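Where a number appears in this text, it was derived from the coordinates with a stated rule and is not lab data. Computed from a prediction, not measured in an experiment: that's the story for all the values here. Here the Cβ positions follow ideal geometry from the backbone for every residue, glycine too, while neighbour counts run over all protein chains shown.
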Amino acid sequence: MRVLVTGATGYIGGRLVPYLLAEGHEVRCAVRSPDKLATRTWRDKVEVVRVDLLDPSTLDGACEGVDAIHYLVHAMDGEGDFESRDRQAAENLRDAAAAAGVQRIVYLGGLGHDSERELSKHLRSRQEVGRVLADGPVAVTEIRAAIIIGSGSASFEMLRHLVEVLPVMTTPRWVDTKCQPIAIRDVLHYLVAVLDVDEAAGEILEVGGPEALTYRELMHVYADVAGLRRRVIIPVPVLTPRLSSLWVGLVTPLPTGLARPLVDSLVNEVVADDQRIRELIPRDNMPPRQALELAMTRVQDLDVDTTWASAGRPGGARSLPEDPRPEDPSWSGGTVLSDDQVVRSAASPEELYRTIKTLGGTTGYFSPRWMWEARGLIDKMFGGFGLRRGRRHPHDLAVGEAIDFWRVEMMDPPHRLLLRAEMKLPGEAWLEFTIKPRGEGSVMRQRARFHPRGLFGRVYWYGLLPFHTLIFPGMARKIARAAESGTVVDPAADDAPATDEAPAADEGSVPADGVTARPPRR
C-alpha cells in the first residue's frame with residue numbers, strides 16, 4: 001500500500017516508518033518540519049510533505065493517492081487546551097482523507113473503559129479522537145494500548161527516573177492500579193499487520209502484554225532488572241494528582257505540564273479486556289520484564305532511535321515569519337540582547353564542530369556544572385524540562401532533537417549550530433555557534449541571544465549578567481581547547497576522552513542470554 005504516516009518525527013512514527021518499508025509499503029511522511037527527517041537512514045526511501053494538521057489548507061494533496069493513514073499525532077504537551085486541538089486535528093485529517101478516497105485510517109489510542117465516569121482528560125481525549133476519526137466515511141481501526149515500554153518512551157522514562165532516583169517514595173493510591181504494559185515492538189507489529197486484515201476495518205482493538213501488573217509491581221520489576229535494591233513505596237491517600245505531578249516533574253525528565261495529565265490517567269485501570277486482536281493477529285507478546293531489559297539495553301548501548309521528546313517544542317509551537325530570529329538585527333522588530341564570545345583555535349572547523357555537538361547531557365556545557373544544574377532545577381520548579389531530558393546520543397545530533405532544555409533548530413556542519421531554548425523564559429532565547437576557517441585553524445563565535453518579553457524579560461536578562469560573565473567566556477575557551485586536544489570535557493571527569501559508540505542492541509529481538517548485564521546495586 002501507499003501509507004501516509006502523520007507524526008513521523010515523533011516517538012512511535014519515527015520507529016513505524018522503517019517497519020512499513022520492510023513490509024514493502026510505500027511511505028509518505030506528513031510532518032511540520034521536514035528538516036527533522038534529514039538524518040534518518042530511511043529518508044531517501046520515503047516521500048515527505050509539510051503538513052500542519054491544525055491548518056486544513058496544508059492537507060491539500062497530502063492524502064491524494066494514499067491507501068491508508070497512520071494517525072499518530074497527540075497535542076498533549078502541557079500548554080493550553082490539548083483536547084480541543086486534538087479534536088480539531090482529527091476532524092481536519094478525517095475530512096481530508098474522505099475527500100481523497102483513503103481506504104483506511106489506523107489510529108493508536110489509549111486503553112480505558114468508555115463507561116468509566118472518572119476517566120482522565122488524557123484518556124477521554126484519546127478516545128474522543130477515535131470517535132471523531134470514525135465519524136466519517138473512511139474505515140478506522142483504533143488500536144488501544146496502555147503503557148508502552150521502549151527506550152525513550154515517556155512511560156519508560158518516567159518509570160526509570162522515579163525508581164532510580166527515589167529509593168523511598170510516597171505515592172498516591174494509583175500505585176495499586178492495574179495496567180497492562182506492552183513492548184514497543186509489539187505495538188509496531190500490530191500497527192503494520194492490521195493493514196492486511198480486512199476484518200480489522202471499523203474495529204476498536206485492545207492490545208497489551210501477557211501480564212497485568214500494578215504500578216507498584218512494575219516499579220519493583222524495574223528495580224530488579226536494573227540491579228537496584230527493592231524500593232520502599234508508601235501509598236499516601238491525601239497526595240493529590242497535582243502534588244504527584246509536581247514531584248514527578250522534579251524527579252523525571254517530563255515537565256509538570258506534561259506529567260499532570262499522565263499522572264491523572266494513572267487512577268484508571270488500563271487492561272485489555274477484549275482479546276479479539278489475538279484472533280485477528282495471533283502473536284506472543286513480550287512480558288514486561290523482558291521488554292524492560294531490552295529497553296535498558298538500548299539505552300546502555302546508546303542506540304535509542306526516537307524519544308518522547310522527538311516530536312517538537314512544547315505546545316506544538318511553530319516558527320512563524322514574524323517570530324524573532326537570532327540573526328535579526330536589533331532594529332528589525334524589538335530588542336535582542338546578546339552575549340558574544342569569539343575565540344581562535346588551532347583545531348579545524350570539523351574538529352570544533354564535533355566538540356560542540358557533544359554539548360549537554362553527560363558532557364555538560366564546558367563550564368561550572370552547578371550553575372547549569374541550578375538553572376535546570378529552577379526550570380523544573382516552574383514546570384519546564386530542566387536538564388533531566390538529556391539527549392538521545394552523546395555524539396550524534398540532528399535537527400529537531402532535544403538537548404536538555406534546548407532544541408536543535410539548525411545545523412550546517414561544520415559551520416553553524418543553532419539551539420533554541422525550551423526552558424521557561426520571559427522571552428525567546430538561542431545559543432548559536434558559528435565556525436570559520438582561519439589559517440591552519442579556525443575562529444569560533446559563540447553567541448547567546450535573548451528576545452525579552454516586556455519589562456520582566458529585561459529584568460531577567462540583566463539579572464543574569466553576572467552569571468553570564470562566569471559561564472560564557474570560559475565555555476568558549478574550553479570548547480576550543482577540547483577540540484585542539486581531541487577530548488570531550490566531562491565535568492564529572494577531568495578531560496575525559498570521548499568514548500566510541502557501543503555496539504547496538506536490537507529492541508525488536510531478544511539478546512542471546514535473554515538478560516541485561518546489571519550494574520552494581522545501589
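Summary of computed values
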{"quantity": "Estimated distance in nm for a label pair at R369 and K436, the labels positioned 7 Å out from Cα along Cα-to-Cβ", "calculated": "3.6"}
{"quantity": "Euclidean distance of C-alpha centroids, segment 15-71 and segment 456-487, integer Å", "calculated": "39"}
{"quantity": "Gain in span if fully extended, T39 to L377, counting 0.36 nm per residue against the direct Cα distance", "calculated": "118.5 nm"}
{"quantity": "In degrees, nearest ten, helix 241-251 long axis to first principal axis of the chain (Cα)", "calculated": "50"}
{"quantity": "When each of K178/K357; K380/K436; K45/K436; K121/K380; K357/K424; K45/K121 is checked by Cα-Cα distance, pairs over 32 Å", "calculated": "K178/K357; K380/K436; K45/K436; K45/K121"}
{"quantity": "Debye, to nearest 20: dipole size of segment 356-452, +1 on Lys, Arg Cβ, -1 on Asp, Glu Cβ", "calculated": "120"}
{"quantity": "Extended-chain gain in nm, criterion 0.36 nm per residue less alpha-carbon gap, H395 and T214", "calculated": "61.4 nm"}
{"quantity": "Relative contact order (%) - segment 328-485, alpha-carbon pairs under 8 angstrom, separation at least six", "calculated": "32"}
{"quantity": "For G383, residues with placed amide H under 5 Å, excluding near neighbours", "calculated": "T256"}
{"quantity": "Dimensionless Rg ratio for segment 328-485, taking C-alpha atoms and the 2.2 N^0.38 Å reference", "calculated": "1.02"}
{"quantity": "Placed amide H near E409: partners under 5 Å, 5+ positions off or other chain", "calculated": "G400, L418, L419, R420"}
{"quantity": "Label-reachable residues, segment 125-157, where backbone N falls under 19 Å from a point 7 Å from K178's Cα toward its Cβ", "calculated": "144-148"}
{"quantity": "Pairwise FRET efficiency - M410 versus D284, Cβ, R0 = 45 Å, nearest 0.05", "calculated": "0.50"}
{"quantity": "Computed lengthening from R445 to D340, 0.36 nm per intervening residue step minus Cα-Cα distance", "calculated": "37.1 nm"}
{"quantity": "Restricting segment 72-170 to GluC sites (Glu not before Pro) in coil, as DSSP defines it, with at most 10 other Cβ within 10 Å", "calculated": "E118"}
{"quantity": "The chain: angle of helix 121-134 to the longest principal axis, Cα-based, in degrees nearest 10", "calculated": "60"}
{"quantity": "Spatial separation of Cα centroids for segment 392-437 and segment 232-308, in angstrom", "calculated": "29"}
{"quantity": "Calculated [θ] (222 nm, deg cm²/dmol) that DSSP helices of n ≥ 4 give over the chain, each run adding -39,500 (n - 2.57)", "calculated": "-10500 deg cm²/dmol"}
{"quantity": "FRET efficiency, S84 to E484 (Cβ-Cβ, R0 41 Å, nearest 0.05)", "calculated": "0.15"}
{"quantity": "Helix 454-485 vs. the chain, principal-axis angle (Cα, 0 to 90°, nearest 10)", "calculated": "80"}
{"quantity": "Amide H contacts under 5 Å for V27, placed H, 5+ residues apart", "calculated": "V3, E47"}
